[in-house]
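The values are calculated or read from the model by the stated rules, or taken from the named source; none is laboratory data. Bear in mind the structure is a predicted one, so any value in this text is a computation, not a measurement. Backbone-built Cβ (ideal geometry, glycine too); neighbour counts: all protein chains shown.
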Amino acid sequence: MRKFFNVHNSVGLSDLMVGCAKGDIPSPLEDFVAPFESYGFPPALIPIWSESSGPNYYGLWKHWFVERTPTFVKMYVPSGREVSEIARTEDQLFCYITVRAICSFDGLVPIIEDFSRSVGIENLDEIDEVTLSTGDDPYGLVHLSQFEYKTPMSCLKDVSTYNGNFPSPKTLPGMAAISSFEVSADIVAATGESKWPVWFCRNEVVGSFYEAIRRGDFPSAWMSLNSSGWTAKDAKIAMKCLADESKDKEFRQFAAWWTSIADQSVSGY
């Protein structure tokens, strides 16, 4: 696990976020665990916290080999590990956690104040006021200064105003650089699995990975590796294969970190 913490700084996370991931900055939510518990997760996810109820993950969602900006997501493990974008900046994620905590405790308590000071939140009173109006409804977060720009998709009632590059209903058609975890099973079922990339089929995901490797198509190989249908053992082998074939020094280092913590006692993802 100690090796894995090195990856947090290498992908651009601040020392404050690394402190949260290590548990050096305690979460104000008792159910949020750091260092995270392992329930199996794809390499696009860099966990900050795991949540025992659910269970769920909260962390950075970073794609390699494609032009996609890293963002922060919640991964719903029981729901096929579907991910939703909950924050696009670290400040937004810290606010998200603070709002959840205020609602959990039904008000400000010392542990929330300690957390907010530790992560540099300076508008705690404003956040508290918003929770009085909208609770922890993500739509209420748009009233906070941290969410005025780069508003995450989960906070928007009208996704046509979304200006990020996490997959949304307006960008899904024809989108090739997409993981099956980024699209709800209901949407896939409603439109028909054949309309989606081949790696959206669990039975085809491993084959689609190696076919993409054969073609030198690293973006498709990466998306296959970050879609549902992998055992932990097979994912570790594939991750090493992609690192070797891509000859990307930075990715090779990342792959070594990920394979060092991928837990083969977990069924996979």
message = Checking Asp114 against (1) free of Cβ contacts under 8 Å to residues at least 40 places away in the same chain; (2) loosely packed, with under 15 Cβ neighbours inside 10 Å: exactly one of these is not met. Which one?
response = (1)
key: Selection count, region 143-169, where residues are within 24 Å of Leu132 (Cβ to Cβ), small (Gly, Ala, Ser) and in a loop (DSSP other than H, G, I, E, B)   = 0
ask   = For Arg100, are the conditions met, namely being touching a residue at least 40 places away in the same chain (Cβ under 8 Å), among the basic types (Lys, Arg) and farther than 22 Å from Cys20 by Cα?
value = no
query = Are there any pairs, at least 6 apart or on different chains, whose C-beta atoms fall under 8 Å, with the first in region 180-198 and over 15 Å from Gly229 (Cα atoms) and the second of a type outside the set (Phe, Trp, Tyr) and assigned to a helix (DSSP H, G or I), and if so, which?
reply = Val188/Ser180; Trp196/Ser180; Trp196/Val188
ask   = Name the residues in region 148-164 that are under 26 Å from Gly40 (Cβ atoms) and either of a type in the set (S, T, N, Q) or out of contact with any Ser or Thr (no Cβ under 9 Å at 6 or more places or on another chain) (or both), would you?
value = Ser154
key: helices (runs of 4 or more DSSP H) enclosed by region 173-263 - at least 1 residues per element that are touching a helix residue (DSSP H, G or I) at 6+ places or on another chain (Cβ under 6 Å), modelled with pLDDT under 95 and of a type outside the set (A, V, I, L, M)   = 232-246, 249-261
remark   = Ser246 vs (1) closer than 18 Å to Arg81 by Cβ; (2) in contact with a Lys or Arg (Cβ under 8 Å, 6 or more places away or on another chain): all pass except (1)
